[in-house]
Amino acid sequence: MAVDSPLSSQLGPPACERDAKALHFIEETTSHADSVQDRVLTEILTRNSQTEYLTRFKLNGATDRETFKSKLPIITYEDLQPEIHRIANGDRSAILSAHPISEFLTSSGTSAGERKLMPTIKEELDRRRLLYSLLMPVMNLYVPGLERGKGLYFLFVKSETRTPGGLLARPVLTSYYKSDHFKTRPYDPYNVYTSPNEAILCPDSFQSMYAQMLCGLLQRQQVLRVGAVFASGLLRAIRFLQLNWRQLTQDIETGALNPKLTDTSLREYMDKILKPNPELAECVRHECSKDNWEGIIARIWQNTKYLDVIVTGAMAQYIPTLDYYSGGLPLACTMYASSECYFGLNLNPMCKPSQVSYTIMPNMAYFEFLPHEPDSFGFPCDSPPKLVDLVDVEVGKEYELVITTYAGLYRYRVGDILRVTGFHNSAPQFHFVSRKNVLLSIDSDKTDEAELQKAVENASRLLREFNTSVVEYTSYADTRTIPGHYVIYWELLGKDSANSPTDEVLKQCCLAMEESLNSVYRQGRVADSSIGPLEIRVVKNGTFEELMDYAISRGASINQYKVPRCVNFTPIMELLDSRVVSSHFSPASPHWTPERRR
Ligand code: AMP
């Protein structure tokens, strides 16, 4: 029931007094985007004026944009490596931030094969919580009645390590779920999850998923929305149900919990809520035992109004599969965030995935935008890049996001390319275009061209004793099965047909490639099972020449033609697949431990 509040918003009538405040905050902040940005920059520069970093660039206490922009360089993670290393090794002086670095957030972006370490400070948790607190008030504008039910969200913590200097290093969501902000959050009727903290915080991913699925099934009538952070995570949950529904329904039928769940606090919680319910067990069994799983989400959780998952960017590849399993339920992409900083939210969350635009909230950090020219790498040497302020971006143009954060990143290139679609008040709204240089991605892994090249080189060493080399290759993220997996097409040149590489050797090549890929990939393969075994498809000789002929027939210039290192255009896939002579899968898991290799 909408309330008539003095804080009524132009976004729409708020559902309750608390929502009214949140919507008012959005209106205020986006209406004064430029002055909020001014305040944010002044705050960051004032409090950090004595840090080693700002002193080095002789900011001398200046807090205005002009001086800031003229003195501070635009940087990438690689530029910050020396400072990050010192902090990781225990240097507690004010290097980047006057506030103590509380922990490192491990990004899914990698550097030299390992997750990037993003320094953060305690108060950033408040900023993250603030952004989260805006999501439901916006959703309530579009989907009424959510306070009458629950959300079935599959949320997980991942392993954490300590740096040599003793700081925790873990993913941002693990940090958030383990914080008091999350664990002791006050009851909010609009935000009740079926998953208890005991399940979300259980470090064993099988037990965590099992308990979350079981809780979701037990409360199936109350579930009004189903979600995970990314689309790949929700599909993993569906796959889990496919593999485990027999045991889950047995637990529901008998009221006795699967003995594989050994986590004490989880068992205690589950023992309290699990009672024999043969009727529910039969109902779930009836749906799951059908061969056809189309619309399974809507069939089991019949009251679901929408799926809450990110399907923008690399996750767009999962839209057809989600549509299949959900029977076409609306897909809501609610926010845009990263380990470095939470950026903003979607003010129209029930729009089609292709229409999603994120409104960057000007209070989260100081934002600048580097005009993006799709074919240029880095900056032209003679002209320094001209960065544009948040309120000055132009509709239709693409930019790379550059941030200055409270935690001590200054003019840092995030690597995301965004296109301006419009404005909400004076705050721009952005379509997420892509992450720079990402070739392959299944879950949160991001593999770039250089990593793929190195992996192919390493694997192809195993072919030397067969006098065989890889003459051309390309790749494809195959998400038709769950979990998805990398497919690498190889055209081989063998000089000794009597001694060509066997299936066993090519399988070892798959594993060698996996060993060469970055730690986020290997973690997905080993700890999260969110990525399936890598596959090499050997194609007939001459296939890549045909590929070139095809590209040229479609207008590519013969002089400039380069083999695409990743493909997803259906006719090209069909051409490649029709030339496959053999296919080989990685026979084992690559090496992965939570500890960093370096
Ligand atoms: P991480 O640093 O591991 O937290 O990953 C953050 C990155 O994930 C962002 O920089 C984006 O590239 C991507 N990402 C986060 N939210 C979204 C979204 N809503 N849509 C598309 N990509 C996203």
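Things worth noting here:
- Every residue from the stretch 555-598 that is assigned to a loop (DSSP other than H, G, I, E, B), small (Gly, Ala, Ser) and closer than 26 Å to LEU511 by Cα: SER586, ALA588, SER589
- Qualifying residue in the stretch 10-32 (condition: farther than 27 Å from ASN191 by Cα and modelled with pLDDT of 95 or more): yes
- Residue check, TYR318 closer than 26 Å to ASN437 by Cβ and assigned by the TED database to the domain that holds SER70: no
- Out of GLY555, GLY524, sole residue that is buried (at least 19 other Cβ atoms within 10 Å of the Cβ), of a type in the set (Gly, Ala, Ser) and in the same structural domain as VAL456 (by the TED database): GLY524
- Residue count for the stretch 234-284, restricted to those that are outside any helix (DSSP H, G or I), of a type in the set (S, T, N, Q) and closer than 13 Å to GLY216 by Cα: 0
- Qualifying positions in the stretch 403-444 - under 15 Å from ALA314 (Cα atoms), more than 10 Å from the ligand (Cβ to nearest atom) and either crowded, with 18+ Cβ neighbours inside 10 Å or of a type in the set (A, V, I, L, M, F, W, C) (or both): LEU439, LEU440, ILE442, ASP443
- Number of the condition not met by SER338 [criteria: (1) within 12 Å of the ligand (Cβ to nearest atom); (2) surrounded by fewer than 23 Cβ atoms within 10 Å (Cβ to Cβ); (3) closer than 22 Å to ARG148 by Cβ]: (3)
- Subset of the stretch 447-480 that is among the aliphatic types (A, V, I, L, M) and assigned to a helix (DSSP H, G or I) - its residue that is surrounded by the fewest Cβ atoms within 10 Å (Cβ to Cβ): ALA450
- The residue that is nearest to ALA365 (Cα to Cα), among those in the stretch 318-335 that are among the small types (Gly, Ala, Ser) and surrounded by fewer than 23 Cβ atoms within 10 Å (Cβ to Cβ), is GLY328.
- Test: residue in the stretch 143-166 that is of a type in the set (S, T, N, Q), more than 16 Å from the ligand (Cβ to nearest atom) and within 30 Å of ALA20 (Cβ to Cβ): no
- Of all residue pairs spaced 6 or more apart or on separate chains, those with beta-carbon atoms under 9 Å, a first member in the stretch 489-509 that is more than 14 Å from SER582 (Cα to Cα) and a second member that is among the aliphatic types (A, V, I, L, M) and assigned to a helix (DSSP H, G or I) are GLY494/LEU463; GLN508/ALA459; GLN508/LEU462.
- LEU345 being of a type in the set (A, V, I, L, M) and away from the ligand (no atom under 12 Å from the Cβ): no
- For the stretch 301-317, taking the residues that are in a helix (DSSP H, G or I) and near the ligand (Cβ under 10 Å from one of its atoms), the one that is surrounded by the fewest Cβ atoms within 10 Å (Cβ to Cβ) is identified as ALA316.
- Subset tally (residues that are assigned to a helix (DSSP H, G or I) and farther than 18 Å from LYS158 by Cβ) for the stretch 511-542: 6
- Taking the stretch 66-112 as the range and being among the aliphatic types (A, V, I, L, M) and free of Cβ contacts under 8 Å to residues at least 60 places away in the same chain as the test, the residues that pass are ILE84, ALA94, ALA98.
- Residues that are within 15 Å of the ligand (Cβ to nearest atom) and of a type in the set (Gly, Ala, Ser), drawn from the stretch 96-112: SER107, SER108, GLY109, SER111
- Residue satisfying all of: in the stretch 306-349; touching a Pro at 6+ places or on another chain (Cβ under 9 Å) and hydroxyl-bearing (Ser, Thr, Tyr); nearest to LEU23 (Cα to Cα) among these: THR334
- Residue ID - surrounded by the most Cβ atoms within 10 Å (Cβ to Cβ), chosen from residues in the stretch 481-510 that are assigned to a strand (DSSP E or B) and in contact with a Ser or Thr (Cβ under 7 Å, 6 or more places away or on another chain): TYR486
- A single entry from LEU418, LEU440 fulfils the requirement of being at pLDDT 95 or above and either touching a Gly at 6+ places or on another chain (Cβ under 7 Å) or within 30 Å of PRO533 (Cα to Cα) (or both): LEU440.
The values are calculated or read from the model by the stated rules, or taken from the named source; none is laboratory data. Remember, it's a predicted structure, so these values are computed and weren't measured experimentally. Virtual Cβ from ideal backbone geometry, glycine too; neighbours counted across all protein chains shown.
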